Amino acid sequence: MNNIILETIEYSVYYGKYQALENISMQIPINKVTAIIGPSGCGKSTFLRTFNRMNELIPGVSVGGKALINNENIFDMDVVSLRQRVGMVFQKPNPFPKSIFDNVAYGPRVNGIKDRNVLTELVEKSLIGAALWNEVKDDLTKSAMALSGGQQQRLCIARALAVQPQVILMDEPAASLDPIATLHIEDLIRNLSEKYTIVIVTHNMQQAGRVSDYTAFFYTDQSRTGKLVEFDNTRTIFTNPKDSRTEDYITGRFG
Amino acid sequence: MNKTNLMEKFSTQALTQTNMISQERIRYRKFRYLIQNASFSLIWLSGLVTILILLIVIGYIFVKGIPEVNWDFLTTSPKGGLSGEGGISTTIVTTLYLVLLTSLIAIPLGIGAAVYLVEYADEKYLKSHITKGIIRFIHLGVETLAGIPSIIFGLFGFVLFVSTLHFGFSLLSGSLAGACLILPTIIRTTEEALRAVPDSYRQGSLALGATTWQTIQKVILPSALPGIITGIILSTGRIVSETAVFYVTLGGSYRMPTSVMSGGRTLALHLFYLAMETNAIEKAMGTGAVLVITIVMINLMVNYVSKKINLRIHQETQ
């Protein structure tokens, strides 16, 4: 595991007095898919949202330890430029009530790109990258709200790609989709990992097994504080886990 | 006793029991329908009475007023004096000016205040207790302002704008006082419209590297626009129909206003003067008819915009 892009060192998160994550030290390799699995409430999403600092939108949140991107401290960076480097796809597709074009062009536009030709090219590239181009190329002025759920989610991926990030965070991106749309998204994730670092939170262990190169298993006990139990190659986690809790979870004994 | 007998006995018993229950049930059902029909009749009756009152009021004004309304009436200015002769042209123009000027003052202020209250000063994000207290006080203020009788705004406008600031009886004084009157309405409708914008839009925009202001400007305000427009139209109606505030800030000149420092009278104010100070009750009725038509048109506009909102919400939930 050379080429580390994201790293946390003894990283903790508190919501007020309640501790959500405790001492997470983990390294996420570049241009790979890293899956984060674990039972509900173990802090997977909180951990994911560290890397684009979306946790700061929650009142009363505070952190301890370090989180780095390319060895730079995330919390010292300008949050807007951090989010240009670290894109995010949410659990529920959340396109804006605008046209397909305006949705994808939104990121570049807020970052100051005005040239119509540049925007057009970016939009096309991003839609191709998100495997949506063929379905929508005939009418980019159509409202994004008219697309199906799976198409909307791919639009949200295209929207994230248009900002040209290094990392894409995905918070259960297929949780609200049907099996076929889920398959599309999983194929897409595999293809995207050639150029992007992807960190994906998922409830679905088969999905983690199918799409990821590395898997982190988070767990929590009665304290409700999330801890990292094991982080390794996905194959190792699924076939030869070191910790018995990982094995119990993988084999479906709980969670 | 053999088995068949036993079974027979049980089944007859069961049968009579069900019969009894069903008899009772049928009676109860009939009773329930009776209650329902009585309630429906009462509801229907209250609806009917409401519509009837509305029709009588509007009908009376229309029957008496419409014969007075013609091109001449709309385009000549009032003669003034006790006769009440002449048309209503200057009052229409004054009303229009006043609505425009009031909106110009109140809309940016109201929308700005609402955006601040919802997007920046949401209580859960504030840390200091002092700011929290101030924000609570502002909310309380807005709500209280909405319930204050309009003549209080008039009195305030008279003391501050007309006398102290020496704006005199003028469109400026009137529109400043009018702005105070409609500010709470605009703030509250805008606040509601902003709160109705899903949080996922905010998160989506911020996650793409937009600043909070870009998010407000490019995603939140456009999504909330129909709701905001409804509030603006409603407050326009409020200005058109308001009398008390303008009685003490606008003066009562029936001449055509030439600048923001001119006094004047709105349609509603003219109606008041005609009814109280002249014998031209038929002219008052004509003015009333024009006023009612204006208000009905404004309400139709509100309906139209609300329908568009519903359509959009419907599309978004698909």
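The values are calculated or read from the model by the stated rules, or taken from the named source; none is laboratory data. From a predicted model like this one, the values you see are computed outputs, not experimental measurements. Note that we place each Cβ from the backbone using ideal geometry, even for glycine, and neighbour counts take in every protein chain shown.
Would you say B:Ser170 is at pLDDT 95 or above and touching a Phe, Trp or Tyr at 6+ places or on another chain (Cβ under 9 Å)? Spelling it out, it is not the case that B:Ser170 is at pLDDT 95 or above and touching a Phe, Trp or Tyr at 6+ places or on another chain (Cβ under 9 Å). In the set (1) modelled with pLDDT of 90 or more; (2) out of contact with any Ser or Thr (no Cβ under 9 Å at 6 or more places or on another chain), A:Asp232 fails one condition alone, (2).
Restricting attention to region A:200-222, the residues that are polar (S, T, N, Q) and surrounded by fewer than 16 Cβ atoms within 10 Å (Cβ to Cβ) add up to 2. Of all residues in region B:200-221, those that are more than 7 Å from chain A (Cβ to nearest Cβ) have Cβ atoms under 6 Å from Cβ atoms of residues that are among the small types (Gly, Ala, Ser), 6 or more apart or on another chain, in B:Thr215/B:Ser205. Pairing residues of region B:169-181 that are free of Cβ contacts under 8 Å to residues at least 24 places away in the same chain and not assigned by TED's automatic domain parsing to the domain that holds B:Met261 with residues that are in a loop (DSSP other than H, G, I, E, B) and of a type outside the set (S, T, N, Q), at Cβ distances under 9 Å and at least 6 apart in sequence or on separate chains, gives no pairs at all. Does B:Ser103 satisfy the criteria of being among the hydroxyl-bearing types (Ser, Thr, Tyr) and in contact (Cβ under 8 Å) with a residue 60 or more places away in the chain? Here the answer is yes, as B:Ser103 does meet what is asked. Collect the residues in region B:64-91 that are in a helix (DSSP H, G or I) and surrounded by fewer than 16 Cβ atoms within 10 Å (Cβ to Cβ), keeping them in residue-number order. Once the filter is applied, which keeps residues that are in a helix (DSSP H, G or I) and surrounded by fewer than 16 Cβ atoms within 10 Å (Cβ to Cβ), region B:64-91 yields B:Ile66, B:Pro67, B:Trp71, B:Asp72, B:Leu74, B:Thr75.
Pick from A:Pro97, A:Pro93: which is touching a Cys at 6+ places or on another chain (Cβ under 9 Å) and within 30 Å of A:Asp178 (Cβ to Cβ)?
A:Pro93 is the lone residue from the list that is touching a Cys at 6+ places or on another chain (Cβ under 9 Å) and within 30 Å of A:Asp178 (Cβ to Cβ).
Filtering region B:236-267 to residues that are in a helix (DSSP H, G or I) and either among the charged types (D, E, K, R) or out of contact with any Pro (no Cβ under 9 Å at 6 or more places or on another chain) (or both) leaves B:Thr236, B:Gly237, B:Arg238, B:Ile239, B:Val240, B:Ser241, B:Val245, B:Phe246, B:Tyr247, B:Leu267.
Table: residues versus (1) surrounded by fewer than 20 Cβ atoms within 10 Å (Cβ to Cβ); (2) under 23 Å from A:Ala174 (Cα atoms).
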site	(1), (2)
A:Asn111	yes, no
A:Lys114	yes, no
A:Leu119	yes, no
A:Ser126	no, yes
A:Ala130	no, yes
A:Met145	yes, yes
A:Ser148	yes, yes
A:Arg159	no, yes
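Number of residues in region B:139-197 that are aliphatic (A, V, I, L, M), part of a helix (DSSP H, G or I) and more than 17 Å from B:Tyr97 (Cβ to Cβ): the value is 15.
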